[in-house]
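**Student:** First the structure, which I've put down as structure tokens, then a few questions once you've had a look.
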Amino acid sequence: MAKSVFFPGLLFASFLSFFAPVESAEAPKRLPEPLTLSAALAIAAEQDPNVMLAQARTASALADQASADSEDRFKMRFDGGLVRREFNGREEDYNNAYLTLQKQLYDFDRTQLAQSASETQVLANQALEKYAVRQYRQAVIDAFYAVLLADANYAVENEQLAIEYVNLDNARDEAAVGKVSALDLLALEAPYQRTVLRRTIAENNQRNTRAALAELLGYPNLLPETLEAPDNASLKKRKLEEINLLQEKALTNNLELKAANLQVQAAELKVQAADKLNMPRIDAIGRAGWHNNVETLYEGRWRADLALSMPIFDGGYKDAQVDKAKAELIKARAQRSALERQIRQAVLETALQIETLKTRSTQVKVAGDYADSYLDKSRTEYQFERKTDLGDSMVRATKVEFEALQLERDRILLWEQLHKLLGE
């Protein structure tokens, strides 16, 4: 059985010319030719919208962390003004300029808890960002093989159309001399037209899958012409561990689940921080300045305070914030539990599908060996001018190549899915 997924140039001559780029003054940026899977995967994932969205969420979380970190840092404020006022029955200037420094000293760990929650949320978003990159990688592999399969399917339909065209053309010649009835001719015309439609759909799918791959890689409207199928021989030799061990690894290392665990931790810290909203707060405040009419002031040019503040009644604000934080915690825990279930089931299904590939691989190999042998037999009969079904044999061999490519696609995608689930 032939291992190559490339088909004769005659099948693609018109197709490749259809995708030939229009000449312009400035040559456009292009994908490598031929495009390999490794080259496609080497293209930066940062241009993918889902990865960009994950990066934006991380940036937002970092901004929230910076805001929380600033809460107990030194703060400095300048106040000043050119003032004219009435004082003790006379008008006077009251120009002033002064500087205020403030530093929170203690608030019973409320700020520290909020800072820890923000930091934990950043770590969760960074894990989700890595997960988005893994999803993008899997999408690229899927889109790459979609093109290869579209090309292989076109080859099958084109081969079938060539056979049916020859049969129909011969029948038309025979019908012209009365050897074939009009009804028998229509019986050949109907399947031929169905095959013409299938080949047209297959040809359109070649363009559609190429456009989808180009969009995914960040090269819209610059469709790749030739794709080189990767060598996945090493995947055939890979051995699966016990499913229980795989599930344990996934629950420990899965990036999405790591993010869920961190989000639960962040939610717990937010509950603790909200519970301390009405605790006392101690600040150090220093103020120094200048007034052009300082003799009228009671405070003088500077002052230093050790200030204590504590809410007496907040109208239920603290309780509302605690309830809201607890609801978010329940939500985070529920999402984590649901994700754990999904991951365990996904690992099981993926591992079983990989196991199924062994049987499927044997079936494809046997079908390929039969197709190759039958094709050799048909070619020999053709050489000796015997009656043969050489065309059907060629179609059978091309279909087996298509099935073999489907098998390779499923193998690499399933292993990639398992790697993603395991956080590898």
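What follows draws every value from the coordinates through simple rules; no lab data is involved. Not measured: the values here are computed from a predicted model. Glycine gets a Cβ as well: all are built from the backbone with ideal geometry, and neighbour counts include every protein chain shown.
**Student:** For the stretch 82-121, give the magnitude of the charge dipole about the Cα centre (Cβ charges: +1 Lys/Arg, -1 Asp/Glu; no others), in debye to the nearest 20. Provide the component values of the computation, followed by the final result.
**Tutor:** Numbers: 5 positive and 7 negative charges, 8 e Å.
Roughly 40 debye for the stretch 82-121.
**Student:** R0 = 56 Å: FRET efficiency of residue 183 with residue 424, Cβ-based, nearest 0.05? Please list the in-between numbers first.
**Tutor:** Working: r = 63 Å, r/R0 = 1.12.
Rounded to the nearest 0.05, the efficiency is 0.35.
**Student:** Which ordering of 234, 361, 116 is given by a fewest-first count of other beta-carbon atoms within 10 Å?
**Tutor:** 234, 361, 116
**Student:** Another question, if that's okay. Using DSSP to call loops (not H, G, I, E or B), can you name the trypsin sites (Lys or Arg not before Pro) in the stretch 72-102 whose Cβ has at most 10 other Cβ atoms within 10 angstrom?
**Tutor:** 73
**Student:** I need 402, 74 ordered by Cβ neighbour count within 10 Å, fewest first.
**Tutor:** Fewest-to-most ranking of 402, 74: 74, 402.
**Student:** Can you give me the Kirkwood hydrodynamic radius for the stretch 159-256, using every pair of distinct Cα atoms, in Å to one decimal?
**Tutor:** 19.0 Å
**Student:** Follow-up question, since we're still on this one. For residue 309 paired with residue 288, estimate the spin-label separation in nm (one decimal), with each label point 7 Å from Cα along the Cα-to-Cβ line.
**Tutor:** In this crude spin-label approximation the distance works out to 2.4 nm.
**Student:** Given R₀ = 41 Å, FRET efficiency for residue 44-residue 83 by Cβ-Cβ distance, to 0.05?
**Tutor:** Details: r = 58 Å, r/R0 = 1.42.
With a Förster radius of 41 Å, E is 0.10.
**Student:** Moving on to the next point. Pick out, in residue order, every one of the trypsin sites (Lys or Arg not before Pro) in the stretch 273-365 that is DSSP loop and has at most 16 other C-beta atoms within 10 Å; say none if there are none.
**Tutor:** 301
**Student:** Give me 192, 131 sorted ascending by neighbouring Cβ count inside 10 Å, so fewest comes first.
**Tutor:** 192, 131
**Student:** A follow-up question, please. Projecting each Cα onto the charge dipole of the stretch 123-256 (Lys/Arg +1, Asp/Glu -1 at the beta carbon, about the Cα centre), which of 204, 161, 127 comes out farthest on the positive side?
**Tutor:** The residue sitting farthest along the positive end of the dipole is 127.
**Student:** Treat each spin label as a single point 7 Å out from the Cα along the C-beta direction, and report the residue 190 to residue 59 distance in nm.
**Tutor:** Once both label points are built, they end up 6.2 nm from each other.
**Student:** Separate question: Using a/c under 1.5 as the rounded threshold, could you call the stretch 82-223 rounded, prolate or oblate? The axes a ≥ b ≥ c are square roots of the C-alpha gyration tensor eigenvalues, and prolate needs a/b larger than b/c, oblate otherwise. It would help to have the intermediate numbers written out before the result.
**Tutor:** Working: a/c = 7.13, a/b = 3.63, b/c = 1.96.
Here the stretch 82-223 falls in the prolate category.
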